[in-house]
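Down below is the structure, laid out as structure tokens.
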Amino acid sequence: MADLKTITDTLIAGDDEALVGHVRAALDEGIPAGTLLSEALIAGMDVVGGRMETGEMFIPEVLMSAMAMGAAVEVLKPLLSEDDNASAGKVVIGTVKGDLHDIGKNLVVMMMESAGFEVTDLGVDVEADTFLDVIREKKPDIVGISALLTTTMPMMRSTVEQISEAGLRGDVKIMVGGAPVDQSFADEIGADAYAADAGSASKLAKAMLA
């Protein structure tokens, strides 16, 4: 019998083939797709995020878990009702103009999607105007802005300022992150939250929208 704990443990271990097998077996046993998604898979990724924060899991292990999650969700998608598939919220995320680093951002995207968020990934080297256009179009709950170079931190500040000047600041929460960024810089530029890593980013996103 494929119980929820086995599915969660297999997800955390990052064994995508075994996970898909357990998910299919659980469906055959009559466990609803929505229950598997929320109580086994998303719950498992919450554990992964927590372990990443504490240093118990490292990026390659987290990526394996996130990819296993993606494979399992593909099995469940056709069976999920609109209620089961309801988004935890909308997130727009990108790395600022002048910065081409995306590994950390991509991991945040995977963790956010695994937590049930609908994510629009703008990629790297993103102009402030692009953030503004997509905020207007997508109406996200959270905007994630990333920078990995100290030289692009001013662009992060400028992007936040331009979101405010465009009159969009009241509509979105702004989360910032990246190697040179810390809580004091986030406070200084008027961001709502600072996330040190992908695990804390998805947890913070949930907390901000709770």
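The values are calculated or read from the model by the stated rules, or taken from the named source; none is laboratory data. Keep in mind that this is a model prediction, so the values were computed, not measured. A quick note on method: Cβ atoms are made from the backbone with ideal geometry, for glycine too, and the neighbour counts reach across all protein chains shown.
Please state which one of 49, 21 is over 17 Å from residue 80 (Cβ atoms), part of a helix (DSSP H, G or I) and in contact with a Lys or Arg (Cβ under 8 Å, 6 or more places away or on another chain).
49
Considering the range 139-161 alone, what residues qualify as being touching an Asp or Glu at 6+ places or on another chain (Cβ under 9 Å) and surrounded by fewer than 16 Cβ atoms within 10 Å (Cβ to Cβ)?
139, 151
Which of the residues that make up the range 178-193 are more than 18 Å from residue 115 (Cα to Cα) and of a type outside the set (Asp, Glu)? Please lay out each step first, then the result.
First pass over the range 178-193, keeping only residues more than 18 Å from residue 115 (Cα to Cα): 178-192.
If the condition is that a residue be more than 18 Å from residue 115 (Cα to Cα) and of a type outside the set (Asp, Glu), then 178, 179, 180, 181, 183, 184, 185, 186, 189, 190, 191 are the ones that fit.
Would you mind finding the one in 94, 104 that is under 16 Å from residue 201 (Cβ atoms), at pLDDT 95 or above and assigned by TED's automatic domain parsing to the domain that holds residue 139?
94
Can you confirm whether residue 114 is surrounded by 16 or more Cβ atoms within 10 Å (Cβ to Cβ), modelled with pLDDT under 95 and either of a type in the set (Asp, Glu) or not assigned by TED's automatic domain parsing to the domain that holds residue 74 (or both)?
yes
Which ones in the range 86-101 are touching a Leu at 6+ places or on another chain (Cβ under 8 Å) and closer than 27 Å to residue 23 by Cα? Walk me through it before giving the result.
First, pick out the residues of the range 86-101 that are touching a Leu at 6+ places or on another chain (Cβ under 8 Å): 88-89, 92-95, 98-99, 101.
Residues satisfying the conditions are 88, 89.
For the range 68-91, state whether one or more residues are touching a Ser or Thr at 6+ places or on another chain (Cβ under 9 Å) and assigned to a strand (DSSP E or B).
Yes: the range 68-91 contains one or more residues that are touching a Ser or Thr at 6+ places or on another chain (Cβ under 9 Å) and assigned to a strand (DSSP E or B).
State whether the residues of the range 17-33 include one that is under 18 Å from residue 108 (Cα atoms) and outside the structural domain of residue 194 (by TED's automatic domain parsing).
no
Exactly one condition in (1) over 18 Å from residue 117 (Cβ atoms); (2) surrounded by 19 or more Cβ atoms within 10 Å (Cβ to Cβ) is not met by residue 64; state its number.
Just one mismatch for residue 64, condition (2).
Tell me yes or no: at least one residue of the range 100-120 is touching a Pro at 6+ places or on another chain (Cβ under 9 Å) and of a type outside the set (A, V, I, L, M).
yes
I'd like to check which strands (runs of 3 or more DSSP E) are fully inside the range 94-207 and have at least 2 residues that are in contact (Cβ under 8 Å) with a residue 40 or more places away in the chain. Break it down into steps so the answer makes sense when it comes.
Numbers: elements: 118-121, 142-146, 173-177.
Fully inside the range 94-207 and qualifying: 142-146.
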